[in-house]
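For reference, the structure is listed below as structure tokens.
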Protein chains: 2
Amino acid sequence: MTIGIIGLGLIGGSMGIDLKRRGFADKVLGVETDKVGAEAALRMGLSDEITSFEDCVKRSDIVIVAVPVGTAVKMLPQALDIFREQPEKKQIVIDTCSTKSKVTQCVRYHPLRGRFVATHPMAGTEYSGPWAAEPNLFDGRACIFADAEDSDPAALATIERLYDTLNMRPIYMNSDQHDVHTAYVSHISHVTSFALALTVLEKEKDEKHIFDLASGGFSSTVRLAKSSADMWVPILSQNRDNVLHVIDTYLSKMQEFRDAIADYDEAKITELIHEANRIKKILR
Amino acid sequence: MTIGIIGLGLIGGSMGIDLKRRGFADKVLGVETDKVGAEAALRMGLSDEITSFEDCVKRSDIVIVAVPVGTAVKMLPQALDIFREQPEKKQIVIDTCSTKSKVTQCVRYHPLRGRFVATHPMAGTEYSGPWAAEPNLFDGRACIFADAEDSDPAALATIERLYDTLNMRPIYMNSDQHDVHTAYVSHISHVTSFALALTVLEKEKDEKHIFDLASGGFSSTVRLAKSSADMWVPILSQNRDNVLHVIDTYLSKMQEFRDAIADYDEAKITELIHEANRIKKILR
């Protein structure tokens, strides 16, 4: 099977590695507009060939659109349009975006909607670009299939096999549910990390040595603040309403802590921490 | 040398392991009020013997007070009082607390103030108790010496050797500076993690499956929310003013993000993320 990957970054590149070496792909065609990135991707073996968007879509059995969500909503209908030239080929396109409502909307009324499978492999690191790609990135993680009933059963089954090859657990939900869930378990974490980094960086202007003291706890809390604007601006923008709702809940929790500390209310601080500790039961 | 450790938890227990096996301590005396914890500490080799506070302080050359800061401020003057019974022994007491102003205040006018060295080894995990103790916990991390000029030079030199044995980098500052710095690089991270956990746990009441989706990014951001109330309530309370100042800066950064997202102001979100990305240059 020929797999086309649009965007050979962290997600696309890591898929290229594992789909090829695990035998799912016979050939991987890559599209990467960044020239240095494209050269690096070839040398690192993320794809066998670099080509144009149109050529890649024409020649692939499965096209993986692994670009920031603002670009994905433009490319998905284009890919389906190109599929119409070779109907007998039964081509499939998937995306890997972190928001799903806008992505599914952009092809909702396309005559080939069934050939699109909306997926979100929940894996990644705070790094981006081809140099961030790594083998085994997806092993054991969850992959969300959004609005799976809108895809042709045969296309869906093929993509289920693709993610099974990546050792991912499938989870099915509609795109609105997806966007609520990810606002809670992913998008808010990024916003809080960015804000924490900004807070400490502002202090650093006066206190040059503040980071000498940064402990492991600080590093892990602020790690996501290294994440790229290219990826996160469209996510926060497209998932605006859910993200705002979670931010508001979060701000009210921060305010409860602030008030308890301001009042020296140790009983209340204890209660809040004990409640927060329940996270232990849920996270390994 | 005989080392007495009051509190055989994560910090005290980990010190017991490395000070003994690296030959700094000939004998480690432990004090642990929790009976199960005391038995576990003995079996795990965190100390050679469990004894009472008074007996431990009398027999030790160096007493390490590794208990939550609310208890430490009571124990430090008691230890110095007991030292007066054997002036020829030139005993030393240190603390390992995460706040320093209250700790140094509690012995400021004690006749044996010079025998106290205020230290904060900046290492740890989100776990607590003897079972959280581990070898090599301190290797390569920073240890703050607060108000070092108030300690006798000989006592200070001995404690510098102790932390050198633990492979820690010494950093010197006064206790007020310490409390400002740690509010930024440690205390705020814990508050934001607790608040994040509370936010998601509140949602989970409705959505049982939300945690199926929790990605690595979420886990690392919320990891500190497992931290114990016994340790963190007195820290947040004793360092109230600094912590409140940092929380307020942080809340204003969160509000900037919220406003930019609410306004679909992608240029502003981009600017905030690019600014936050500067953390890359600073953290490995």
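See the values below:
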read-out: Rotationally averaged projected area of the protein assembly as shown (alpha carbon convex hull; nm²); value: 27.0
read-out: Other-copy label distances relative to residue B:108, 7 angstrom Cα-Cβ extension, nm; value: 6.7
read-out: Distant-in-sequence amide H partners of residue A:118 (H built 1.01 Å from N, under 5 Å); value: A:146
read-out: Value of [θ]222 nm, deg cm²/dmol, for chain B, DSSP H segments ≥ 4, -39500 (n - 2.57) each, nearest 500; value: -15000 deg cm²/dmol
read-out: Nearest-ten-degree value, helix B:266-277 long axis tilted from longest Cα axis of chain B; value: 20
read-out: Closest-to-axis residue of chain B (Cβ criterion, axis taking B to A), whole Å; value: B:220, 2
read-out: Formal net charge of residues neighbouring residue A:165 (Cβ-Cβ distance under 12 Å; K, R +1; D, E -1); value: 0
read-out: On Cα atoms only, tilt of B:69-83 relative to the major axis of chain B in degrees; value: 10
read-out: Inter-copy separations for residue B:251, label at 7 Å along Cα-Cβ, nm, ascending; value: 1.0
read-out: Per-copy distances of the residue A:265 label point, shortest first, in nm (7 angstrom along Cα→Cβ); value: 3.2
read-out: Inter-chain shielding of A:245-251 (mean C-beta neighbours from other protein chains, 10 Å cut-off); value: 5
read-out: Dipole of chain A, positive direction: furthest Cα of A:8, A:44, A:264, with charges on the beta-carbon; value: A:44
read-out: Table column - 3J(HN,Hα) (Hz), the stretch A:21-34, Karplus curve with 6.51, -1.76, 1.60, x for Gly and Pro; value: 6, 8, x, 6, 9, 7, 9, 10, 9, x, 10, 8, 6, 6
read-out: Within 10 Å of each Cβ in A:113-122, the average number of Cβ atoms from other chains; value: 1
read-out: The stretch A:1-147, dipole about Cα centre (Lys/Arg Cβ +1, Asp/Glu Cβ -1), debye to the nearest 20; value: 420
read-out: Extension gain (nm, one decimal) between residue B:263 and residue B:39, 0.36 nm per residue minus Cα-Cα; value: 74.8 nm
read-out: Size of electric dipole in the stretch B:162-284: Cβ of Lys, Arg +1 and of Asp, Glu -1, about Cα centre, debye, nearest 20; value: 500
read-out: For residues of B:179-186, the mean tally of beta carbons on other chains within 10 Å; value: 6
read-out: Cα-based Lys proximity count in the stretch B:56-167, under 15 Å, for pairs eight or more positions apart or on separate chains; value: 4
read-out: Sulfur and carbon atoms: percent of accessible area, the protein assembly as shown [1.4 Å]; value: 49
read-out: Accessible surface, the protein assembly as shown, averaged per residue in Å² (probe 1.4 Å); value: 39
read-out: Peptides ranked, highest mean first, by Cβ atoms within 10 Å: ranges B:126-132, A:1-7; value: A:1-7, B:126-132
read-out: For chain A, with +1 on Lys and Arg beta carbons and -1 on Asp and Glu, the positive-most of A:92, A:170, A:190 along the dipole; value: A:92
read-out: Summed buried accessible area for A+B [probe radius 1.4 Å, Å², rounded to 100]; value: 8300
read-out: Dipole magnitude of the stretch A:61-176, debye to nearest 20 (Cβ charges: Lys/Arg +1, Asp/Glu -1, about Cα centre); value: 220
read-out: Highest average packing first - A:209-218, B:183-192, Cβ atoms within 10 Å; value: B:183-192, A:209-218
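The values are calculated or read from the model by the stated rules, or taken from the named source; none is laboratory data. All of these numbers come straight from a predicted model, not from anything done at the bench. Glycine gets a Cβ as well: all are built from the backbone with ideal geometry, and neighbour counts include every protein chain shown. Only protein heavy atoms, including side chains, enter the accessible area calculation; ligands, DNA and RNA are left aside. Shrake-Rupley method; radii C 1.70, N 1.55, O 1.52, S 1.80 Å.
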